[in-house]
Amino acid sequence: MRYSLLLLIFICFSCQLEHDLPQTIELTENWQFKKVSDTIWNSATVPGNVHSDLLDHNLIEDPFIGNNEKDLQWISETDWEYKNTFLLDELTLQKKNIELNFEGLDTYASVYLNDSLILKANNAFRKWTIDVKSLLKSENELRLVFESTSKYEEVEKAKLAYELPESERIFTRKAQFQYGWDWGPKLNTSGISKLIKLVAWDALKIDNVHVRALHLTDSIADLSIEINKRSSVELDKKIIYHIYVNGSLIKSSEPTHTNDQQFNRFQIIKPKKWWPHNLGEPYLYDIKVIVKQDEKILDSISVKKGLRTIALVTEKDGIGESFYFKVNDVPVYAKGANYIPQNSLQNKVTDGDYEKLLNDVVDANMNMLRVWGGGIYENDIFYNLCDKKGILVWQDFMFACAMYPGDKDFLENVKQEAIGNVKRLRNHASIALWCGNNENSEGWHRWGWQADRSDAEKAEIWSNYLKVFDSILPNTVAKLTDTNYWESSPKYGRGNPKYKTEGDAHDWWIWHDGYPFEHLEENVPRFMSEFGFQSFPSYETIRYINQNDSIEITSDSFKNHQKHSRGFQIIEDYMERDFPIPDNAEDYVYMSQLLQAYGITKGIEAQRRAKPYNMGTLFWQLNDCWPAVSWSSIDYFGNWKALHYKVKRSFEAILISSKIENEVLKTSIVNDNMSQEQGILNLKLIDFSGNIIWEDSKNIIVVANSSAIKYELDLNTIRFNKNEVVLVSKFENSTSHFYMIKPKDLNLKTSEITKTITKTLDGFNIELTSKTLQKDVFLYADTKGHFSDNFFDLLPNESIIIHFKSNIKTLQDLQVKTFNNFIR
Ligand code: BMA
């Protein structure tokens, strides 16, 4: 028999002190798995999932390559079994309390400890704690049987007299995108998705703390700390609570006997506030609670806490109702994107992946992400990084694009899921909003889901909706946090004219309904929580899908990575409107990325110009869960598409943004800073060889946190051809290039781009120059690396230096594309 290696983690902050701390053993080693119907066991990784385990043993092909996904559907229809054997020493066995914490089981799991059934789990979003003291021996076997979700879904479905939209996934509380989405594969996996911990303790254990800022000003922070603990026996001797802030003891409780929840208040004088990164420092305090009895430490807990106030402001006004976030009383314009799980097989996402993605978010001048409701409540590391980097999080509950059941068991399950996740996340300064669901309400009201149903049926389905989204979830959020709750995103579907005047909006007139991008300029809502457009991913990703060096985008296996039924055609239709259509795959990929960036930044700039009417824009979508053609700005392998580079510019704190209305050029300055800016606005109309056609400068004052038109020019007063010019505007460190007609109609010139490459410590500097304007210059290489800028314009006779960060010694395969080459 092989025994587990026991990983002992003692939470010990001072080894000189005597202690009786809870002991935690993570059961991560020596796991095995098999089909329930098989006899042969194979080693397994925990936390993990069955797809990853099968892949590790070469028992299946990589689901992310070609058409493999299709051949792997049997995995979800199979029951799987995991087991592990572990030893416990006498000291541990003698502890008064011993429990098993299952932090995540995906999904229908029967758990046996030494052949006794200890848990039947039915929610991948819940944590389960089971008292196992009486069952433990020195040698133990833990066995988990995961049954296919469809078995349970069939049973639940049969109980209803009607079919619910998006049945069957709605019956199972697990990541909904695993059933397939319009950007993701159908890989409904199962397994031990998070850690299993054995926790043994004698007198007392702290489960969690909740630190709240009751009152926060520049001079004082009044804080409360709620300590949720359990103690097994009447404490015969008194205990004392100590609170430390940044390592200094700031408060000790009176000695107490109590087993009740301890409620303490304390203060921080002249507190440093937490700010979103674009407005200040996202400062975090280190707050620690230590519980002692006679100088013996019983338990301790630490939290990193950002002190800020945050509120969603929804106030009736002359036009409708506002929708914006106030952080520390400052209205904050939200800039960012919608976030989906980073991998269909979550165990493949490393800490480094989280770090990289959130750095990419900060680099692109974003300050908010929406964790979308069809994925997962993210791991702690995600929120820790958002706290640390100053990224606000709009957190959906995990319900998307469907109507859900409302029976007693389902509701209770949802309630426990909400309590668990809200408690887990409520200390995070980054959490700005809890939102009930993604598009369920819009779907019910606008997607034909009510057709052919009796009034009674409709009433029942809607009342079940209200039970979850108008009762259980808001009540949980209100009871446990100070954070606002929003019932559904969007508030109104795009068929309702109010979508522009109230609440948040999803503008899918673009893409799904085929409206031209200009529609975004004419229709600005109060807060754009979704709008997007697809593009092809990087060459690296395409090669991976095809397992082929050439860029192939029409093969069957590649087409399987476009999950929107009309996706390819929609891209082509939009491209035809505004861009030339290249005749080879490599160029087509480039053009699709320019197209996506063109449309989305057009929307972002119109929305930012409309500040404060509009107070936020989150495009769909930041990232991918597998190699795909999708709406993402960063592809599965972490490569920035043109969109990510271009939103970085469109999200700068100071944005110069122009538009033409009735032949009048109107140049706005958007200022997201909290300070007033004063300086020279310089506008220059140049032709593509660099000749100045017109120029003007103006001293301007831009008030803090504002947007206003700062320059107007009647274009009829100047003689020029719109297809031969670019307007170059400068204010302080910001620059903008504004073209007056569609890219495909620009009369760009073809000329050489000269490049000089020099080695730097961490890569290369690439200096580029050209005699004529080069539009959307794209640098690429087969070697992995990151360009400091890309898809940029090179102005005539001006040199630009781009840094390529890479480990390689020589850069031999650098290639350049320019939009100029596509003008015929
Ligand atoms: C939005 C999202 C997703 C979807 C995307 C693109 O509505 O909420 O459901 O993937 O549109 O279609």
* Determine which single condition Phe533 fails, assuming it passes every other condition in (1) free of Cβ contacts under 8 Å to residues at least 60 places away in the same chain; (2) under 18 Å from Trp181 (Cα atoms); (3) outside any helix (DSSP H, G or I). => (1)
* **Enumeration of residues in the stretch 369-386 that are within 16 Å of the ligand (Cβ to nearest atom) and within 24 Å of Glu652 (Cα to Cα)** => Leu369, Arg370, Val371
* What number of residues within the stretch 554-573 are under 30 Å from Asn723 (Cβ atoms) and either touching a Phe, Trp or Tyr at 6+ places or on another chain (Cβ under 7 Å) or not aromatic (Phe, Trp, Tyr) (or both)? -> 5
* To do: Kindly indicate whether Asn438 is away from the ligand (no atom under 16 Å from the Cβ) and touching a residue at least 40 places away in the same chain (Cβ under 8 Å).
  => no
* If a residue has to be in contact with a helix residue (DSSP H, G or I) (Cβ under 9 Å, 6 or more places away or on another chain), of a type in the set (Gly, Ala, Ser) and away from the ligand (no atom under 16 Å from the Cβ) to count, how many in the stretch 182-203 make the cut? -> 4
* Asked: Among the residues of the stretch 633-671 satisfying the criterion of being surrounded by fewer than 23 Cβ atoms within 10 Å (Cβ to Cβ) and of a type in the set (D, E, K, R), which is nearest to Phe536 (Cα to Cα)?
  -> Lys648
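Every residue, every condition in (1) crowded, with 24+ Cβ neighbours inside 10 Å; (2) in contact (Cβ under 8 Å) with a residue 40 or more places away in the chain, yes or no:
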site: Leu358; (1), (2): no, no
site: Val361; (1), (2): yes, yes
site: Asn367; (1), (2): yes, yes
site: Arg370; (1), (2): yes, yes
site: Glu378; (1), (2): no, no
site: Gln395; (1), (2): yes, yes
site: Phe399; (1), (2): yes, yes
site: Gly406; (1), (2): no, yes
* Of all residues in the stretch 384-408, count the ones that are of a type outside the set (Phe, Trp, Tyr) and either in contact with an Asp or Glu (Cβ under 8 Å, 6 or more places away or on another chain) or over 21 Å from Thr617 (Cα atoms) (or both). => 13
* To do: Only residues that are over 19 Å from His210 (Cα atoms), in a loop (DSSP other than H, G, I, E, B) and not acidic (Asp, Glu): list them for the stretch 273-297, please.
  => Trp275, Pro276, His277, Asn278, Leu279, Gly280
* Residue check: is Arg230 part of a strand (DSSP E or B), away from the ligand (no atom under 16 Å from the Cβ) and within 26 Å of the chain's Cα centre (by Cα)? -> no
* helices (runs of 4 or more DSSP H) within the stretch 374-454 that include 3 or more residues closer than 24 Å to Gln346 by Cβ and at pLDDT 95 or above -> 380-389, 408-425
* **Flag if Ser557 is among the small types (Gly, Ala, Ser) and either within 23 Å of the chain's Cα centre (by Cα) or buried (at least 23 other Cβ atoms within 10 Å of the Cβ) (or both)** => no
* To do: With respect to Asp578, determine if the residue is at pLDDT below 95, away from the ligand (no atom under 16 Å from the Cβ), over 30 Å from Trp486 (Cβ atoms) and outside the structural domain of Thr783 (by TED's automatic domain parsing).
  => no
* Structure fact -> When (1) within 38 Å of the chain's Cα centre (by Cα); (2) over 18 Å from Gln593 (Cα atoms) are applied to Gln815, the one that fails is (2)
* With the checklist (1) within 16 Å of the ligand (Cβ to nearest atom); (2) more than 25 Å from Leu54 (Cα to Cα) in hand, flag the one item Ala213 doesn't pass. => (1)
* **Verdict on Ile130 being in contact with a helix residue (DSSP H, G or I) (Cβ under 9 Å, 6 or more places away or on another chain) and in contact (Cβ under 8 Å) with a residue 24 or more places away in the chain** => no
* Asked: Looking at Ile340, Ile419, Ile391, which one is among the aliphatic types (A, V, I, L, M) and either without any contact (Cβ under 8 Å) to a residue 60 or more places away in the chain or within 16 Å of the ligand (Cβ to nearest atom) (or both)?
  -> Ile340
* To do: Only one of these is at pLDDT 95 or above, under 21 Å from the mean Cα position of the chain (by Cα), of a type outside the set (S, T, N, Q) and on the phi < 0 side of the Ramachandran plot: Lys273, Lys304. Name it.
  => Lys304
* Structure fact -> Residue hits (the stretch 99-127; more than 19 Å from Glu29 (Cβ to Cβ), touching a helix residue (DSSP H, G or I) at 6+ places or on another chain (Cβ under 8 Å) and not acidic (Asp, Glu)) are Thr107, Tyr108, Ser116, Ile118, Asn122, Asn123, Phe125, Arg126, Lys127
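Residues are listed down the side, and each one gets a yes or a no for (1) away from the ligand (no atom under 15 Å from the Cβ); (2) surrounded by fewer than 23 Cβ atoms within 10 Å (Cβ to Cβ); (3) part of a strand (DSSP E or B):
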{"residue": "Asn464", "(1), (2), (3)": "yes, yes, no"}
{"residue": "Thr476", "(1), (2), (3)": "yes, no, no"}
{"residue": "Asp513", "(1), (2), (3)": "no, yes, no"}
{"residue": "Pro525", "(1), (2), (3)": "no, no, no"}
* Options Leu643, Leu618; residue that is assigned by TED's automatic domain parsing to the domain that holds Val349, among the aliphatic types (A, V, I, L, M) and assigned to a strand (DSSP E or B) -> Leu618
* **Members of the stretch 162-216 found to be out of contact with any Asp or Glu (no Cβ under 7 Å at 6 or more places or on another chain) and within 30 Å of Ala456 (Cβ to Cβ), listed by number** => Glu163, Leu164, Pro165, Glu166, Ser167, Arg169, Ile170, Gln176, Tyr179
* Structure fact -> Across (1) over 25 Å from Asn367 (Cα atoms); (2) not assigned by TED's automatic domain parsing to the domain that holds Asn427, Val477 clears everything bar (1)
* Asked: What number of residues within the stretch 318-335 satisfy the criterion of being at positive phi and assigned to a strand (DSSP E or B)?
  -> 0
* To do: Could you grab me the full set of residues in the stretch 637-655 that are of a type in the set (A, V, I, L, M) and closer than 12 Å to Val361 by Cβ?
  => Val647
* Asked: Can you name every residue in the stretch 478-511 that is charged (D, E, K, R), within 16 Å of the ligand (Cβ to nearest atom) and either out of contact with any helix residue (DSSP H, G or I) (no Cβ under 6 Å at 6 or more places or on another chain) or assigned to a loop (DSSP other than H, G, I, E, B) (or both)?
  -> Lys491, Arg494, Asp504, Asp507
* Structure fact -> Note on Arg2: of the conditions (1) modelled with pLDDT under 95; (2) assigned to a helix (DSSP H, G or I); (3) among the basic types (Lys, Arg), unmet is (2)
* Would you check if Leu779 is within 19 Å of Met591 (Cα to Cα) and under 30 Å from the mean Cα position of the chain (by Cα)? => yes
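The values are calculated or read from the model by the stated rules, or taken from the named source; none is laboratory data. This is a predicted model, so every value here is computed, not measured. Note: ideal-geometry Cβ built from the backbone for every residue, glycine included; neighbour counts use all protein chains shown.
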